[in-house]
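Read the structure below first, then the notes.
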Amino acid sequence: MSLTDAGAPERAAGNAPSDPGRQRRGLTERLLAVRELSLLIALGLLVLVTTVRNDRFLSGQSVKDLLLGCAILVILAVGQTLVIITRNVDLSVGSILGLVAFATGSLFLSAPGTPWPVALVVGVALGALCGAVNGGLIAVARVPALVITLGTLYAFRGIDYYWASGSQINAADMPPSFLRLGNQTVLGVPVLFLVALVVVAVVGFYLRSYRSGRELYAIGSEPAAARLSGIPVGRRVFAVFVASGAFAGLAGVLYAARFGTLDAAAGTGLELQVVAAAVVGGVAIFGGSGSAYGAALGAVLLTTIGSSLAVLRIDPFWQQAVVGALILAAIGLDRVLALRVAARLRGRSAHGA
Amino acid sequence: MTADAPGTDGAPLLVLDGVTKSFGAVAALRGVHLALHSGEAHALVGENGAGKSTLVKILAGAHAPDAGAMTLDGQPLRLRGPADARAAGIAVIYQEPTLFPDLSVAENIFMGRQPLRGLRRIDTTAMNRDAERLFQRLGVRIDPTRPARGLSIADQQLVEIAKAISFDARVLVMDEPTAALSGVEVERLFAVARSLCEHGAAVLFISHRFNEVFDLCHRVTVLRDGAWVSSDRATDLTVDEVVRRMVGRDVASLYPKQDAELRDTLLEVRGLTRAGVFTDVSFSVRGGEIVALAGLVGAGRSEVARAVFGVDRYDAGEVLVAGRAVPAGNPGRAIAAGMALVPEDRRQQGLVMELSVERNATLARRRALSRLGLLLGAAERAEARHWTRRLQVKTSRLGAPVATLSGGNQQKVVLAKWLATEPRVLIIDEPTRGIDVGTKSEVHRLLSELAGEGLAILMISSELPEVLGMADRVLVMHEGRLVRELPRDEADETSIMFAATGQGATA
C-alpha cells in the first residue's frame, strides 16, 4: 500500500483495449442512453402512425418543413438545458429572441449594405448581453433565477415594444443573401437545421467531456457540495446565462432570416415551449441531469406532434393537451427509471460493498 | 521521518495561531492555537459546539477567520475559498457527506481534477480505473460508474475518503469519518491514514470515539467552548482525563442503564423477510427492556427497523405490538399501534431543518393538538415546552429553526417529537451518532428512564461500548440474518464482534 499510486493517476498503461472500463458503459451513462432511446422510439412511433394515415407526411417537402420548423426550438432548448442543469431556469429567452430579431431587422434597415455574418455576430452579442444582465442580476440580488428572468421576460419585451413602437419590418427591407440563410438547403437539409445540429453537437460534447461542463451538473446536483469542492459556482452560473442569452440571440437572427416579417411580438410565449422541450427531453427540472441531445430530441418531438396532428386532422385545440400529456408521461418515465435503478442498486449493495 | 515518534520538536507543517471566528454574536472560536507536524496523526476532541467543525471549515477555506494567522511550511497561508485549500494540499472529509447524487461515483471523486486526454477532454476510462484503484486500496467494492444517489451513508463516507486520498494531501482533515463505518472499514481507513503519515502528511482526526483516537493519534488537542484547552501526547493522557478536559467536569458513568422490572412482551417480530435485504428475522422486546441490534454497517439493521415501523415493505413475516398484528408498510398505523422510530439520519429523516424547535417537536402530534383541523398554537407551545424541558434541549427560544441547534440538541428534538406521541415501543437508530460526550450520557440516562417507565426499546448502535452499557439483551445481525442473541452478562466486545463478522454464526 504505497502512497505514490494515489496522487498521480497513471496514464502509462493507458487505454489497453482489455480494460473493463472501456467495454461496459457506466451505469450513470446507460441511464441517459435509455432515456434518449425512449424519446427516439416515441418519435419513430409518431412518424410511423402519421405516415400510415397519410403517406405525404414523409415526403421531401414535408420533412423539410419539419426540420425548418424545429431548428429554432432546438437551439433554444439546448441553451435552456445548460441553465436547467445548474438548477436554474431562463424564462426570458422568448423575449431575447424577439428583441434580437427586431434588432437584426433594424440593422439592415438603417445600414442596408451590412453583410449577414456581421448581423449574426451583432445578434449573438446582443443576446449574450441580455444574458449577462440576467446573470448579473442573479449574482447581485441572490434571488432565484425564476423570479429574475420572469422580470426580464417583461423588461426585454418592453424594450422591444418601445423600440418598434408599432412598426413592422418586412422581408423587402432585408438583403436576399440573409433571407436565403433561412430557406436554403444543403443536400435537401435546411441550413437552419444544420446550424441547430452543430449547436447540439457542440453543447452535447462540451457537457459530457469537459471539466467545466461536468461542474455544471455538480452545481445543479448539490449546490452546497459544489461550493465545498471549490467549484466557482457564481462564475459558472453567470456564464451559463450568458450562453443561454447568446443562443437565444442566435435563434433571434435565424428567426429574422426565416420569417422576414418582424414586429415586436416575435417569439412571445416561446419560453414555455422551450422549457417543455427540455423537460420532455429528460432534463431534470431540479438540475443535475439531462443532456443536450435529449433536449434537442424533445424539441423535435414537440414540433413533430404539432405537424402530425395537423396531418391527422385532429382539432388543434387538442395539441396543447397532447403536449401536456407528453410532459406528464416524460416525468412519469423519469420516475419509473429512477425507481428501477434504485431497486437494482439495492440488490447490488446487499452483496456487500 | 518515523511514524511512531513524529518529531514534535521540528518545525510544524501547519500552524494556526490565535484563530478567532464569530457568527453574529456567537464566538465559535476564540484564539485557537494548533500545530500539526508532518508525519503525525493529531486528534481534535471537544463537545459539540466546542468549535471543531468551525475549525475544519476554516482549514477547508469555507470560512475565513476574523483574526489570527495560519502558516503552511512557515509560509503565511491565506485561503480565499475551498479551491485555495485544495491547491495548498489540504483535503477535508466532512462529517456530512457532500456528494453529487446525480453524478457517477468516479466523477464525485475526481470533480474538477478528472484525468484528461486529447483536446482537454475527460478521459472517462482512466477516471473509472483510478477510482477502482482507490477503492481497492481502501479494500471496498463500489462500482465507480454507478450514480452516488442511493449509496448508504457508510459508502458515501468511503467515497469521501477515496476523494480525499486521491490527491496527494499534505494535510488530511477527517471530521468524524468513522461515525457510519463498521469496524473493518475503520481499520482500513486507519491503515490508509497511517500510510499517509509515514509519507510525511499530517492527519487531523476528529472523533467522539476515544478508542479510535488513542488507536490512531499521536497527539490530542482539546477544545472547549471555542477555546484551546490543551495539546498533549496521547501516551500522556487517559480517556478519563480527556473527557474531564472536554466537559470541564467529571463524568461519573457514560452509560447508566438502570435495571428495570421486565413486563409483558410489547414488540414481537416473526420471520420478517425482505428479499435481498434481510431474511427470517424474529425477536421480541419486553416492556422495560432495552434490546440492542448490533452488527456491521450493511448487515441490515436499519432496514429491519424501517420494515418493522412500516416505512419499507417486507415480503414475509409479521409484526405484533402488544399481541396485535400491525399492518405492513404503513407508518401511520404503526404510530397508532404505539410505535415510534427515531431514524439514523436526523437531517434527512427526522427533522424539518427550517422549521422551529416547537413545530418539529409536535410534528408527529399534529392531529391531537388541533381542533376542527386547525393547529392550536397555544397547545403546540405548551406541549413543546413540556418535552424540551424534560429533555433539557438547549435552545435560545422555541421559535428558533432546528438547523441552528447542535447535533446533540437536534437529536433531543427528534426524541421529543416521538415521545410526545406516548409510544409503547421505541425504535432508535444510532441514538448518539455525532453527539458529544455530555449529551451522550444524557441521552443514555433518558433511554434508561424511559425503559424504567415500561417502554420497550429497540436500539441500533454501531458503538460497542454503548451496546454493552445500555442493552439488557444484544441481538447480532450478519448479512441480513439474526445470528446471535446474547444476554447482558454474556455480551462483551469479543462475543459481539465474533458474531457480527460471521464467525461461528451457528454457535
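The values are calculated or read from the model by the stated rules, or taken from the named source; none is laboratory data. Being a predicted model, the structure only gives us computed values, none of them experimental. Please note: Cβ atoms are built from the backbone with ideal geometry, for glycine as well, and neighbour counts cover all protein chains shown. Side chains included, ligands, DNA and RNA excluded: accessible areas come from the protein's heavy atoms. Shrake-Rupley method; radii C 1.70, N 1.55, O 1.52, S 1.80 Å.
One residue is enough: does the range B:312-329 have a residue meeting the conditions touching a strand residue (DSSP E or B) at 6+ places or on another chain (Cβ under 7 Å), part of a helix (DSSP H, G or I) and buried (at least 21 other Cβ atoms within 10 Å of the Cβ)? No.
Just for the range A:308-328: of the residues that are touching a Leu at 6+ places or on another chain (Cβ under 8 Å) and not hydrophobic (A, V, I, L, M, F, W, C), which one is surrounded by the fewest Cβ atoms within 10 Å (Cβ to Cβ)? Talk me through it step by step, then tell me what you get.
Looking only at the range A:308-328, we keep the residues that are touching a Leu at 6+ places or on another chain (Cβ under 8 Å), and these are A:308, A:316, A:318-319, A:322-323, A:326.
If we keep only those that are not hydrophobic (A, V, I, L, M, F, W, C) too, we end up with A:308, A:316, A:319.
On the way: A:308: 22, A:316: 10, A:319: 17.
Top of the filtered list is A:316.
Of the residues making up the range B:138-152, not one is surrounded by 21 or more Cβ atoms within 10 Å (Cβ to Cβ) and part of a helix (DSSP H, G or I).
For beta carbons closer than 8 Å, sequence separation of 6+ or different chains, a first residue in the range A:89-109 that is over 21 Å from residue A:139 (Cα atoms) and free of Cβ contacts under 8 Å to residues at least 60 places away in the same chain and a second that is open to solvent by 10 Å² or more (accessible area, probe 1.4 Å) and among the basic types (Lys, Arg), there are no qualifying pairs. In the range A:83-90 there is no residue that is open to solvent by 20 Å² or more (accessible area, probe 1.4 Å), among the charged types (D, E, K, R) and in a helix (DSSP H, G or I). Against the test of being at the interface with another protein chain (Cβ under 8 Å from one of its Cβ atoms), at pLDDT below 90, open to solvent by 30 Å² or more (accessible area, probe 1.4 Å) and under 30 Å from residue A:214 (Cβ atoms), the options B:87, B:83 yield a single qualifying residue, B:83.
Can you find a residue in the range A:240-255 that is in contact with a strand residue (DSSP E or B) (Cβ under 9 Å, 6 or more places away or on another chain) and more than 14 Å from every other protein chain (Cβ to nearest Cβ)? Yes: the range A:240-255 contains one or more residues that are in contact with a strand residue (DSSP E or B) (Cβ under 9 Å, 6 or more places away or on another chain) and more than 14 Å from every other protein chain (Cβ to nearest Cβ). Of the residues A:138, A:96, the single one that is open to solvent by less than 40 Å² (accessible area, probe 1.4 Å), assigned to a helix (DSSP H, G or I) and modelled with pLDDT under 95 is A:138.
Counting residues in the range B:112-131 that are modelled with pLDDT under 90, assigned to a helix (DSSP H, G or I), touching a helix residue (DSSP H, G or I) at 6+ places or on another chain (Cβ under 6 Å) and facing another protein chain (nearest Cβ under 8 Å) gives zero.
Just one residue in the set B:175, B:155, B:232 is surrounded by 22 or more Cβ atoms within 10 Å (Cβ to Cβ), under 19 Å from residue B:47 (Cβ atoms) and either within 14 Å of chain A (Cβ to nearest Cβ) or at pLDDT 90 or above (or both); that residue is B:175.
Only one of the numbered conditions (1) at the interface with chain A (Cβ under 7 Å from one of its Cβ atoms); (2) in contact with a strand residue (DSSP E or B) (Cβ under 9 Å, 6 or more places away or on another chain); (3) free of Cβ contacts under 8 Å to residues at least 40 places away in the same chain is violated by residue B:101, and that is (3).
Counting only helices (runs of 4 or more DSSP H) wholly contained in the range B:393-501, the ones carrying 1 or more residues that are under 24 Å from residue B:287 (Cα atoms) and open to solvent by 10 Å² or more (accessible area, probe 1.4 Å) occupy B:407-419, B:437-452, B:464-470.
In the list A:305, A:285, which residue meets the criterion of being of a type in the set (Val, Ile, Thr) and under 30 Å from residue B:312 (Cα atoms)? Explain how you work it out, then say what you get.
Details: A:305 fails: under 30 Å from residue B:312 (Cα atoms).
The match here is A:285.
For the range A:256-286, the tally of residues that are away from every other protein chain (no Cβ under 14 Å) and at positive phi stands at 3. Among the residues of the range B:109-133, the one identified as of a type outside the set (Ser, Thr, Tyr), in contact with a Gly (Cβ under 8 Å, 6 or more places away or on another chain) and open to solvent by 40 Å² or more (accessible area, probe 1.4 Å) is B:132.
Filtering the range B:81-111 to residues that are outside any loop (DSSP other than H, G, I, E, B) and assigned by TED's automatic domain parsing to the domain that holds residue B:193 leaves B:82, B:83, B:84, B:85, B:86, B:87, B:90, B:91, B:92, B:93.
Condition check ((1) among the small types (Gly, Ala, Ser); (2) closer than 30 Å to residue B:240 by Cβ; (3) in a strand (DSSP E or B); (4) in contact with a Cys (Cβ under 7 Å, 6 or more places away or on another chain)) across all residues:
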{"position": "B:258", "(1), (2), (3), (4)": "no, yes, no, no"}
{"position": "B:262", "(1), (2), (3), (4)": "no, no, no, no"}
{"position": "B:282", "(1), (2), (3), (4)": "yes, no, yes, no"}
{"position": "B:304", "(1), (2), (3), (4)": "no, no, no, no"}
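Here the condition is being of a type in the set (Lys, Arg), closer than 21 Å to residue B:461 by Cβ and touching a residue at least 12 places away in the same chain (Cβ under 8 Å); of B:224, B:219, B:209, B:170, it holds for B:209 alone. The set of residues from the range B:136-152 being more than 9 Å from chain A (Cβ to nearest Cβ) and touching a helix residue (DSSP H, G or I) at 6+ places or on another chain (Cβ under 8 Å) comprises B:138, B:139. Using the structure shown, decide if residue B:41 is surrounded by 20 or more Cβ atoms within 10 Å (Cβ to Cβ), farther than 18 Å from residue B:406 by Cα and in contact (Cβ under 8 Å) with a residue 12 or more places away in the chain. Yes. You will find that of B:476, B:414, the residue that is touching a strand residue (DSSP E or B) at 6+ places or on another chain (Cβ under 6 Å) and either modelled with pLDDT under 85 or not assigned by TED's automatic domain parsing to the domain that holds residue B:291 (or both) is B:414 and no other.
Is it the case that residue A:341 is touching a residue at least 60 places away in the same chain (Cβ under 8 Å), under 30 Å from residue B:295 (Cβ atoms) and either part of a helix (DSSP H, G or I) or away from chain B (no Cβ under 14 Å) (or both)? Steps first, answer last, please.
Numbers: touching a residue at least 60 places away in the same chain (Cβ under 8 Å): yes; under 30 Å from residue B:295 (Cβ atoms): yes; either part of a helix (DSSP H, G or I) or away from chain B (no Cβ under 14 Å) (or both): yes.
The answer is yes for residue A:341.
Which ranges mark the helices (runs of 4 or more DSSP H) fully within the range A:160-237 that have 3 or more residues being in contact with a His (Cβ under 7 Å, 6 or more places away or on another chain) and surrounded by 17 or more Cβ atoms within 10 Å (Cβ to Cβ)?
On the way: elements: A:176-183, A:191-209, A:211-221, A:223-228.
Fully inside the range A:160-237 and qualifying: nothing.
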